[in-house]
Amino acid sequence: MLMKIVADRKEGIGVCGWILVSLSFLFVVLTFPFSIWACVKIIKEYERAVVFRLGRILPKKAKSPGLLLVLPCTDVFTKVDLRTVTWNIPPQEILTKDSVTTQVDGVVYYRIYSAISSVANVSNVHLATYLLAQTTLRNVLGTQSLSQILSSREEIAHNIQAMLDSATHKWGIKVARVEIKDVRIPMEMQRAMAAEAEATREARAKVVAAEGEMNASKALKQASTVLVESPVALQLRYLQTLATMATEKNSTIVFPLPINMVPGLYKNNGEKK
């Protein structure tokens, strides 16, 4: 107890403060064991306690999990949750760089890494971070065009995260992640974008079809060159086509027979087969 009093005097609480702390400790001793229920607090594993003794943070760092002794009348403590907090940013109406009105919402994940900074440097750290996330989202997306917002969500989210982390560092906040959930655009703009995409796909399909026709014409040219060099190949191709037709459709096919094939049908001393 004597060491605590000396430490308090070094921290500048003064003689009056030393007297108040001594009286508070004496009151705890005189009312023991009843005072133990009001003085002993339990800090959970994911929490830290910031103790104010006569208005000063003691002992310049947050209390660790476990049992905490708080003196009545002189000590006030605040619990700080160190777990990750998730805030859903409501839809923000934004005018993009190319003068398109959109509504964008997102999610921000952050945690408190310094309990003392979060208590001593800002009155409501969660509300401050929440409002700053909304403002930063509007400011960043206002400098982007609609096509950039739709195609570069991840990069924009990283930029927002870096800006938030830099602004909230002195509040004891670490922004872990920022995500852009949805981008809503007017119905007229959706129709215009759909028509543009459809026209682009049709143009691409026509180009592909033209390339296919060109490749087919080159193949036909090569095939005609081969057939010209070998007339028998043309006849064989003709017969192959007839065989394919007979296989696919069970029907009678009448086709002309070239005269130059007739002599080959006679064998065995001029007998007709």
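Figures for the structure shown
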| item | result |
| --- | --- |
| Additional length obtainable on full extension of the chain from Ser145 to Asn88, 0.36 nm per residue less Cα span | 18.2 nm |
| Segment Thr241-Ala176, extension gain: residue separation times 0.36 nm, minus the distance between their alpha carbons | 16.5 nm |
| Residues listed by number, region 64-86, amide nitrogen under 15 Å from Glu45 label point at 7 Å toward C-beta | 65-67, 82-84 |
| Out-of-range pairs (alpha-carbon distance over 23 Å; input Lys97/Lys206; Lys63/Lys174; Lys41/Lys174) | Lys97/Lys206; Lys41/Lys174 |
| Inter-part distance where region 71-120 and region 181-226 are each reduced to a Cα centre, Å | 47 Å |
| Solvent-accessible area per residue, Å², over region 84-189 with all protein chains present [probe radius 1.4 Å] | 52 Å² |
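The values are calculated or read from the model by the stated rules, or taken from the named source; none is laboratory data. Only a predicted model underlies this, so the values are computations on that prediction, with no experimental measurement involved. Cβ coordinates were reconstructed from backbone atoms using ideal geometry, including for glycine residues, and neighbour counts include every protein chain displayed. Calculation scope for accessible area: heavy atoms of the full protein, side chains included, ligands and nucleic acids excluded. Shrake-Rupley method; radii C 1.70, N 1.55, O 1.52, S 1.80 Å.
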